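Read through the structure below, which is laid out as structure tokens, and then see the notes.
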Amino acid sequence: MDFKISKVILWPKNPEMLIRVIPFKGDFVNVISGDNARGKSAIISIIDYCLASSKCSIPIGLIRSLTGWFGIVASYGEEEILLAREEPGVEIVSNNMYILRGKKIAIPEKIEGENANYRDIINELNKLAQLAKFDLGDKGISQPASIRDLISLNFQPQHLVANPYALFYKADTYQNREKLITIFPYILGILDDELLGLKEELKDIKSREKALNRELEQRKDIANNWLSEVKSYYAIAFEFGLIDGDLNDTNAWTPKDYIVRLRQALTRIDRNIIPLVKVGASTKISQRLAELNEKEYQTAVQIQEKKEKLYLIQSVKKSNTDYGNDILVQNSRLEAVSWLKTHINNKHHCPFCGSKSTSAKEYVDSFFTLSSELSNLSRKVADSHRVFNKEITSINSDLNKLEVQINDIRMEKQILSQENEEYQKQHQILNSIFRFGGKLEESLKNYDKISESGDLEKELEKVRKRISEINRLLNQDVLDRKQKGILNQISTSIKHYAKIFEAEYCDDDVQLNIENLTLKFVSGNREDFLWEIGSGHNFMSYHISTILAIHEYLLTLADKNKVPSFIIFDQPSQVYFPELKKEELAEDEAVLKVKRIFKVLSEFKNRTGSKVQTIIIEHAGENSWNEYFDDVKLIRNWHGDSEDNALIPKQWIDAGA
């Protein structure tokens, strides 16, 4: 995203003071150089705060006590954007912000009040970056990408620029780290908006597939459980003479077999065909009821027998468990026997009384034998425990089947008895048949609702086809190859800059590891990570090289680059301060190391065509970069006692708040 810092602005709490404006150039390496305690490092915190951070890390003291509002002007393509935020006072952070956009904006002398809150600004910046609103991961931390996540690639503050354990801004906390790991493929363009849309669709459509499968299974279960009711209707239709043939007394038929014949019976009723009652039909219904009574009795007897057997086995199992516990207690009292048996034999004196008697050994042997017997018993008890568990599981399974069976019998009995009794009382008059027909018709309609799954099956087939299409488009092998190619491209650039730094291990295979947010150094069969290579010089060199290499690659994404196109480094030369104090080290050698920092930044500017703005905050003076004067511009010199020698002007300090 073509988003660069044009100005940092401070509005004083004292209305008589002038606003403080620090300008930056978009196409140069910008340097703010100064002594300690001049407010240099607050620049990163101020810019971060104005980009809607969730907390204010601007140092307390003069900066916050004398400043009412902090702000930045950013260039976005041909447009300028002013973002200002109120100093939080005694609060942790202020939500009050002010935004102004235009072709060329005039900085107001005073912020009269907020016109937005920090969440509004985040949403506005997300729109500028054209960030997708899809969730990017399946972890607990899987919110959509935010501009606040991308800023991890823009800042390298003083505590981070040579940190061996954290490579990216604010990735030293678990939540931020996991979020950055999740969205890194999106940042690098491995996943684009189209693929993210497909992943989101896949997530939704898989949920739909599960729901359809669940509904189909429920319908099948209901249809199968309806068998008892259908059999009763079939028997009644048979008694009325509405069905040709004989009663089916087997379980071979499915509900559909009965339904076909019941529909034929219903057709006869609709056509007002007066049925001829088969001789003996009522008798057969009575016989069926008698058979069901006998089946119910036999099933009930089996259930009772199973219950009694289950109770007996559970009782024996409990006794067995208690017995096993007693054995374990007894055996624990003999734990020392093995040791005694090892150290006592016929050739040794008794360790207790010093005699040469073998009595102690005989006692120990007898206890050792007892201990072995108890161990064997314990194993047998454990084996029997497993047998009991298996038998209990088997009986419970049998009981469940028998209970289902007796419920089916009782349902068929209930319907058959009620209907049979009702129609017998009415002497099988035609009204009874028509009433039965109405009841049967309603029942068949209900069956059609639960059993007709053609539309569901068609929809399920359509859903599965779409899942297959999306999986083909989201081919993981293709994505893995794409990721490998991108990371190789970044790694090549990292090595290029690291060689200018003359960092160690720059000839190894240096790999950006986005799964762990660090660098990996591969040499032969050996693999080392950033924190293992040692030396502040190495850590700083690879930090800067990595950030530059990533931004260099992001430029190749053109308008798909979501990350703001600026980088700020805070005092990378700090790693050389101890060396500068060593008397035996020549001063020009230390300066040479600092100069390499500016050489690298100059190289980056030229390789990227000045499309990425760099800002460096340093103690070092102009002799460190004067060789690269065409690429490096001194923005502020806060050394010495001049009027403009700190972030907060002397006039502000003298006037107070």
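The values are calculated or read from the model by the stated rules, or taken from the named source; none is laboratory data. None of these values were measured; they are calculated from a predicted model. Don't worry about glycine lacking a Cβ; one is built from the backbone with ideal geometry, like all the others, and counts go over all protein chains shown. All accessible areas refer to the heavy atoms of the entire protein, side chains included, with ligands and DNA or RNA removed. Shrake-Rupley method; radii C 1.70, N 1.55, O 1.52, S 1.80 Å.
Points 7 angstrom from Cα along the Cβ direction at Ser332 and Lys104: gap in nanometres?
It is 8.9 nm.
Given 0.36 nm per residue, what is the gain on full extension from Ser384 to Val90 after removing their alpha carbon distance, in nm?
98.7 nm
Lys/Arg Cβ at +1, Asp/Glu Cβ at -1, dipole of the range 154-194 taken about the Cα centre: which of Tyr186, Leu160, Gln175 is farthest positive-ward?
Checking the options against the dipole of the range 154-194, the answer is Leu160.
Which of the peptides 565-576, 530-541 is most tightly packed, and how do the rest follow, going by the mean number of other Cβ atoms within 10 Å of each residue?
Put in order of decreasing packing, that is 565-576, 530-541.
My understanding is that a pair violates if its Cα-Cα distance is over 28 Å; which of Lys170/Lys520; Lys4/Lys133; Lys203/Lys520; Lys220/Lys306; Lys199/Lys458 do that in this structure?
Too far apart for the 28 Å limit: Lys203/Lys520; Lys220/Lys306.
What full-extension length gain, to one decimal in nm, is calculated for Leu456 and Trp531 as 0.36 nm per residue of separation minus the Cα-Cα distance?
Gain on stretching Leu456 to Trp531: 21.3 nm.
Taking the Cα centre of the range 59-141 as origin and charging only Cβ (+1 Lys, Arg; -1 Asp, Glu), how large is the dipole, in debye to the nearest 20?
120 debye
Which loop trypsin sites (Lys or Arg not before Pro) in the range 54-104, with loop taken from DSSP, have no more than 16 other Cβ atoms within 10 angstrom of their Cβ?
Those that pass, being in a loop and sparsely packed, are Lys55, Lys103, Lys104.
List the aspartates and glutamates whose alpha-carbon lies under 12 Å from that of Lys25, not counting same-chain residues fewer than 8 positions away?
Lys25 reaches Asp631.
Check the straight Cα-Cα distances from Lys650 and name the aspartates and glutamates below 16 Å, setting aside those fewer than 8 residues away within the same chain.
Glu16, Asp35, Asp641
Rounded to the nearest 20 Debye, what is the dipole magnitude of the range 606-655 about its Cα centre when Lys and Arg each give +1 and Asp and Glu each give -1 at the C-beta?
320 debye
Taking Cα atoms of the range 480-528, Rg/Rh with Kirkwood Rh, to two decimals?
Computed over Cα atoms, the ratio is 0.97.
Tabulate in residue order the Karplus-calculated ³J(HN,Hα) for the range 294-302, using 6.51 cos²θ - 1.76 cosθ + 1.60 with θ = phi - 60°, rounded to whole Hz; enter x for Gly and Pro.
Working through the residues one at a time gives 5, 4, 5, 5, 4, 5, 5, 5, 4 Hz.
How big is D, in µm² s⁻¹, for the range 1-116 by Stokes-Einstein at 25 °C and 0.890 mPa s if Rh is the Kirkwood radius over C-alpha pairs?
The Stokes-Einstein estimate is 167 µm²/s.
Over the range 7-121, what percent of the accessible surface lies on carbon and sulfur atoms, probe 1.4 Å?
Summing carbon and sulfur atoms, their accessible area is 51 percent of the total for the range 7-121.
Among the listed pairs Lys13/Lys611; Lys484/Lys611; Lys127/Lys499; Lys7/Lys495, which have their C-alpha atoms separated by more than 30 angstrom in this model?
Table pairs above 30 Å Cα-Cα are Lys13/Lys611; Lys127/Lys499; Lys7/Lys495.
Ile616's amide H: which non-local residues (gap 5+, or another chain) put their own amide H closer than 5 Å, with H modeled 1.01 Å from N in plane and none for Pro or chain starts?
Long-range HN contacts for Ile616: Asn30, Val31, Ile32, Phe569.
Amide H neighbours of Phe529 under 5 Å, at least 5 residues apart or on other chains, H built in the peptide plane: list them.
Phe521
Rolling a 1.4 Å sphere over the protein heavy atoms, what is the accessible area per residue of the range 1-82, to the nearest Å²?
Averaged over the residues of the range 1-82, the accessible area is 34 Å².
Share of Cα-Cα pairs in the range 169-238 beyond 19 Å, in percent?
66 percent
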